[in-house]
Amino acid sequence: MTVTSSGQDTGTGYGRPASSHDARLTEVGPETPMGEALRRYWHPVASSSALTSDLPHRTRILGENLVVFRDGSGRPGVVFERCAHRGSSLFYGRVEEDGIRCCYHGWKFDVQGHCLEQACEPGRGLRRDVARQPWYPVEERYGLVFVYMGPPDRKPPLPRYECLENLADGESLFSEVPVPGQNVTGLVGDFNWLQAFENAMDPVHAMWLHYTHSGPQFEGTGTIGFPPSYFDPYTVSDKIRYNITTDHGLMYRQRWQRDQPDGTTADMDWCFEVQLPNIIALPDFVEVVPDRRHDCLIWIVPSDDTSYRAFMVVRAQSPDRLTRIVLGIKQNGKLFFELTEEEKQRFPGDFEAQSSQGPITQHSEETLATSDKSVVALRRMLRKMVDDVEAGRDPINVEHGQAQLRQVKSGVFTVSPGLTARSTAVAPSVADARVG
Ligand code: FES
Ligand SMILES: [Fe+2]
């Protein structure tokens, strides 16, 4: 409460200055600072298995309207949605063996925007080489189609991730989310991308939102390894070690104790890493399997300033693992699309919390606290990424030459197996300071 010397409480809403968001962190269009920084990275644009040569798909990435398609010979392509002739949408175009043909006058473009034919022009377009449909480079890996929208001379190799390679017998990669209409070009969220991304570095919301406020929301909680004490919101701050810098991003660790089958108790760490600029290495929040190799990456790709598309890949024996990630949080025992407005009020989840921050949260109105340490640290790293690009330097996680295999560390790890007495104190070690 703000009180003047005359005893007047001035903390009312009256006369507050207009609120604002941090444009440097959130706005992603061409020529914005963050937009330019994000254009130095590859971003998923479609699920490979869902992208067929049947129809083109409309999408929006970093504020640009695009069409993604796979030509009849199997090559994926990303081009501007507006046809270079007179602007009809290639969403209504026809996919052919060697490109996409506009519906209006039959101009056909290949996956690099070369005009192959101008159907109604003399000689099918004697000067068709001057027409170029703006396009972007794409590459496929891990079951996703990635696009690079930055300066051609700064294009890095497509990154590689150890957790998505070296598949064991029976394992596959799954990238097609089980949501009708969003299985090709990603799960759409209608608020700023950073609200979704920084949620991954907000550990305490799991204790309050997902367990205390709305009742247990993680499917199977209590039967698969996390004890109720793990979710105690009033002691969680003692158990978390924030702001562990990794080779590619940021991590927090949460210490907890697990009763072992032999009657002893083990100290465990829940480790959660994000990698810049927009990758979440989401640990398995439904099934606790200690010391398991990580198996899932999620990309939060900005569509524009007020919406994003989430893409994910899991390495698993069956697509059920991916389904659990997308549909693994229940609200009052129901899935998000089954809820009434009143049920959303009584049992809010991630969507209600994050979307209600607004299309772009108002940073000027925030009151950051101890549990926001990793959110603050992540924003600091993103600001440095933007600064580096502005200064002409390669930002974090941009490499040139051969792509190195990147490691991630997320999941539940045994710190001290077989303790006979319960230990509640977090004892960070020197090794905690940097985790590769
Ligand atoms: S507008 Fe596309 S061919 Fe004319
Ligand atoms: Fe959450």
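The stretch 82-128 holds strands (runs of 3 or more DSSP E) entirely within its bounds, and those carrying 1 or more residues that are among the polar types (S, T, N, Q) and away from ligand 2 (no atom under 16 Å from the Cβ) map to 115-118. Is it the case that the stretch 150-173 has a residue that's assigned by TED's automatic domain parsing to the domain that holds H294 and in contact with a helix residue (DSSP H, G or I) (Cβ under 8 Å, 6 or more places away or on another chain)? Yes, the stretch 150-173 contains at least one residue that is assigned by TED's automatic domain parsing to the domain that holds H294 and in contact with a helix residue (DSSP H, G or I) (Cβ under 8 Å, 6 or more places away or on another chain).
Against the test of being farther than 26 Å from A403 by Cβ and surrounded by fewer than 19 Cβ atoms within 10 Å (Cβ to Cβ), the options Q112, Q195, Q217, Q182 yield a single qualifying residue, Q182.
Taking the criterion of being out of contact with any Lys or Arg (no Cβ under 7 Å at 6 or more places or on another chain) and either hydrophobic (A, V, I, L, M, F, W, C) or not in a loop (DSSP other than H, G, I, E, B) (or both), the residues of the stretch 175-192 that qualify are V177, V179, V184, G189, F191.
Screening the candidates S371, S356 for the property of being within 15 Å of ligand 2 (Cβ to nearest atom), of a type outside the set (F, W, Y) and surrounded by 13 or more Cβ atoms within 10 Å (Cβ to Cβ) yields one hit, S371. Inside the stretch 324-346, residues that are closer than 29 Å to L297 by Cβ and among the polar types (S, T, N, Q) make up a count of 1. If you go through the stretch 232-263 and keep only what is in contact with a Pro (Cβ under 8 Å, 6 or more places away or on another chain) and exposed (fewer than 14 other Cβ atoms within 10 Å of the Cβ), you end up with just D259. The residues of the stretch 377-387 that are within 19 Å of P156 (Cα to Cα) and in contact (Cβ under 8 Å) with a residue 40 or more places away in the chain, listed by number, are L382, M385, V386. Within the stretch 39-57, can one find any residue that is within 12 Å of ligand 1 (Cβ to nearest atom) and more than 26 Å from the chain's Cα centre (by Cα)? Taking every residue of the stretch 39-57 in turn, none turns out to be within 12 Å of ligand 1 (Cβ to nearest atom) and more than 26 Å from the chain's Cα centre (by Cα). For the stretch 14-36, the criterion of being small (G, A, S), outside the structural domain of D190 (by TED's automatic domain parsing), out of contact with any His (no Cβ under 8 Å at 6 or more places or on another chain) and buried (at least 19 other Cβ atoms within 10 Å of the Cβ) is met by at least one residue.
Close Cβ contacts (under 6 Å, 6 or more residues apart or on different chains) running from residues in the stretch 61-88 that are assigned by TED's automatic domain parsing to the domain that holds C120 to residues that are hydroxyl-bearing (S, T, Y) and within 11 Å of ligand 1 (Cβ to nearest atom) comprise E81/S89; S88/Y104.
Is it the case, given these coordinates, that V147 is under 23 Å from the mean Cα position of the chain (by Cα) and in a strand (DSSP E or B)? Give the steps one after another, and end with the answer.
Working: under 23 Å from the mean Cα position of the chain (by Cα): yes; in a strand (DSSP E or B): yes.
The answer is yes for V147.
Can you report the number of residues in the stretch 209-246 which are part of a strand (DSSP E or B) and either at positive phi or at pLDDT 90 or above (or both)? Reasoning before the result, please.
Residues of the stretch 209-246 that are part of a strand (DSSP E or B), as a first pass: 218, 240-246.
Filter once more, so that each one left must be either at positive phi or at pLDDT 90 or above (or both): 240-246.
The qualifying residues number 7.
Just for the stretch 106-137: of the residues that are basic (K, R) and over 29 Å from K155 (Cβ atoms), which one is modelled with the lowest pLDDT? Lay out the reasoning, then the answer.
Restricting attention to the stretch 106-137, the residues satisfying the condition of being basic (K, R) are 108, 124, 127-128, 132.
Among the residues that remain, those that are also over 29 Å from K155 (Cβ atoms) are: 124, 127.
Numbers: R124: 96, R127: 92.
Looking at residues that are basic (K, R) and over 29 Å from K155 (Cβ atoms), I get R127.
The values are calculated or read from the model by the stated rules, or taken from the named source; none is laboratory data. All figures in this text were calculated on a predicted structure; none of them were measured in a lab. So basically every Cβ, Gly included, is an ideal-geometry build from the backbone, and we count neighbours across all protein chains shown.
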